[in-house]
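This report concerns only the one structure given below.
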Amino acid sequence: MKKQFIDKFLEIYGEGEEAKVYFAPGRVNLIGEHTDYNGGHVFPCAITVGTYAVARRREDSLIRMYSLNYAEKGIVKASLGNLEYRREDDWANYVKGMIQTCIRKGCQISFGLDILYYGDIPKGLGIGSSASLEVVTGLILKDLMNLTDISMVDIALFSQLAENEYMGMNCGVMDPFTIAMGKRDHAIFLDTSDLSYIYAPLRLPHEKIIITNSKKARVAVDERYQERRSQCEEALRELQTVISIHDLGELTPDVFEEVQEMVKSPIRIRRVRHAVTENQRTIQAVEALEKGNVEEFGQLMNASHRSLKDDYEVSCKELDILVEEAWKIEGVLGSRLMGAGFGGCTISIVKDSAVNEFIDKVGNIYKERTGLQAEFYVVEIGNGATVL
Ligand code: GLA
C-alpha cells in the first residue's frame, strides 16, 4: 500500500527529494457527547480508517495538494505567502487552514510542499474526517520542517483552531485530540477542561463496536451545533452569578439541582442538564469498564441517547429509529447517536453472537420505516497519527 501511494505521488508530481508516508485516523466516541466544549469528559478512540498522505519538501514556497478522493479537482495550488480561504479550493482549505494556523502559532515553515492525500473514512458519518486531514497535515509539517518543540497535543490544538477560526466551525477538542493521541486497543478518558487524560484499555472480549450510517444527510449541522454552544454559554453566565465555575463540566448533578433556577429558560435548563448528566455518565462508564461491567457501560450509552434526544435535542427521526430498533435486539448492550447529531451515525456495542442479527434486523426495519439503506461498519481501534 505504501509503495502504491508513493508511485502515485511520483506519477502526479514527478521525481525529486524522497517522499514520506503519513497516516492520521478517524475517531469514534463511546460516550461523552457535546461535553467537549463544556469542559466535561469524553471517552473516544482512534480507529483504523483515516487519512493517508505522501509528502516531500520543495525548494520554493509553493504548496501543491492533490487528493485521490477528489481527483477531478486536480492539483490545488497555494503558497506559504498566500493561504487565504478560497471556496473553489474546496477540501484543500482544511490543509491551507492548518498550515496557516501553524505559521500563526509560530512554527517556522521555510519550505513549500507537494502532498498527495487519500482518505478511507466513509463520507457523511461525522467520524472526524476533517480533523484527520488537518492532523495528518500537522504531522507532515512537524516531521518535514523539524518542528521538534511542537507536540502532538499542540497539533491537536492547532487543528481545533483551524476549524474554529479558518473554517468557521466552532467544534471542541475531542476529534483532533483523539486523532493525534489515540492508542491501539485503548480509549482516551479525556478531561477537556485541562486536557488531562488516561488511556483506558478497551476490554470488549466478546463484543464488537458497530457504527451505523443512517445515510440521513446532516442538515445545517454547523448552525444547530453553534446554537447549542451559545445556549450553554448563556446558561453558564447565568449560573456564574451565584457560583464560581469556569465550565458546566464542573457542576455535579446535585449542585445543578440547587442552582438551576438561575437559568431563566426551560430550553437552557435542558441543555445544561444534558451537559451535566452526560459528563457524569462518562465518568461512570469508564469506571464500569474498568470493573469489566460492559452491561452497565451499555446502559449508560442508552441513557446518553435519551438525553441527547430529549434534553439536548440533537437527534432526528432516523437516528431514533436506528437506536430504538437496536435496543430491541438481545445482545445489543448499548446504542446511541454519535457525534454532533442531526443525522450521521449511531454507535452500538453488540455481542459477537448478535452481530449478524443486528445488521439484518436493524437494516431491514430501518429501510421499511425510512426508505433509507443503512450501512454498518465494525470498528477496529487503532493508533493516533503516525509516520508510516
Ligand atoms: C462534533 C465536534 C466535537 C464534539 C461532537 C459532539 O463531532 O467536532 O468537537 O463537540 O460534535 O460531542
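The values are calculated or read from the model by the stated rules, or taken from the named source; none is laboratory data. These figures come from a predicted structure and were not determined experimentally. Virtual Cβ from ideal backbone geometry, glycine too; neighbours counted across all protein chains shown.
A few comments on the model shown:
- Within the stretch 1-36, the set of residues being in contact with a helix residue (DSSP H, G or I) (Cβ under 6 Å, 6 or more places away or on another chain) and not acidic (D, E) comprises A19, V21, Y22, A24, P25, G26, R27, I31, G32, T35.
- Count - residues of the stretch 209-239 that are hydrophobic (A, V, I, L, M, F, W, C) and over 26 Å from Y366 (Cα atoms): 4
- When residues of the stretch 312-328 are limited to those that are aliphatic (A, V, I, L, M), over 17 Å from H274 (Cα atoms) and in contact with a strand residue (DSSP E or B) (Cβ under 8 Å, 6 or more places away or on another chain), the one surrounded by the most Cβ atoms within 10 Å (Cβ to Cβ): L322
- Unmet requirement for Y22, which otherwise passes all of (1) closer than 18 Å to A385 by Cα; (2) not in a strand (DSSP E or B): (2)
- The stretch 344-358, residues that are more than 16 Å from the ligand (Cβ to nearest atom) and either of a type outside the set (F, W, Y) or within 21 Å of F43 (Cα to Cα) (or both): S348, I349, V350, K351, D352, S353, A354, V355, N356, E357
- Test: residue in the stretch 76-93 that is crowded, with 18+ Cβ neighbours inside 10 Å and within 24 Å of T178 (Cβ to Cβ): yes
- With respect to (1) touching a Ser or Thr at 6+ places or on another chain (Cβ under 6 Å); (2) away from the ligand (no atom under 16 Å from the Cβ); (3) among the hydrophobic types (A, V, I, L, M, F, W, C), the lone exception for I365 is condition (1).
- Within the stretch 160-171, residues that are within 17 Å of L83 (Cα to Cα) and aliphatic (A, V, I, L, M) reach no partner that is within 11 Å of the ligand (Cβ to nearest atom) and modelled with pLDDT of 95 or more with beta carbons closer than 6 Å at six or more positions or on different chains.
- Selection within the stretch 120-156 - of a type outside the set (V, I, T), within 16 Å of the ligand (Cβ to nearest atom) and in a loop (DSSP other than H, G, I, E, B): P122, K123, G124, L125, G126, G128
- Candidate set: the stretch 211-246, residues that are under 18 Å from the mean Cα position of the chain (by Cα) and part of a helix (DSSP H, G or I); chosen: the one surrounded by the most Cβ atoms within 10 Å (Cβ to Cβ): Y225
- Restricting G341, G334 to residues that are under 23 Å from the mean Cα position of the chain (by Cα), touching a residue at least 60 places away in the same chain (Cβ under 8 Å) and either within 16 Å of the ligand (Cβ to nearest atom) or over 22 Å from Q231 (Cβ atoms) (or both) narrows the list to G341.
- Test set (1) closer than 30 Å to T370 by Cα; (2) under 18 Å from the mean Cα position of the chain (by Cα); (3) of a type outside the set (S, T, N, Q) - E207 fails condition number: (2)
- For the stretch 326-380, a tally of residues being in a helix (DSSP H, G or I) and of a type in the set (D, E) returns 4.
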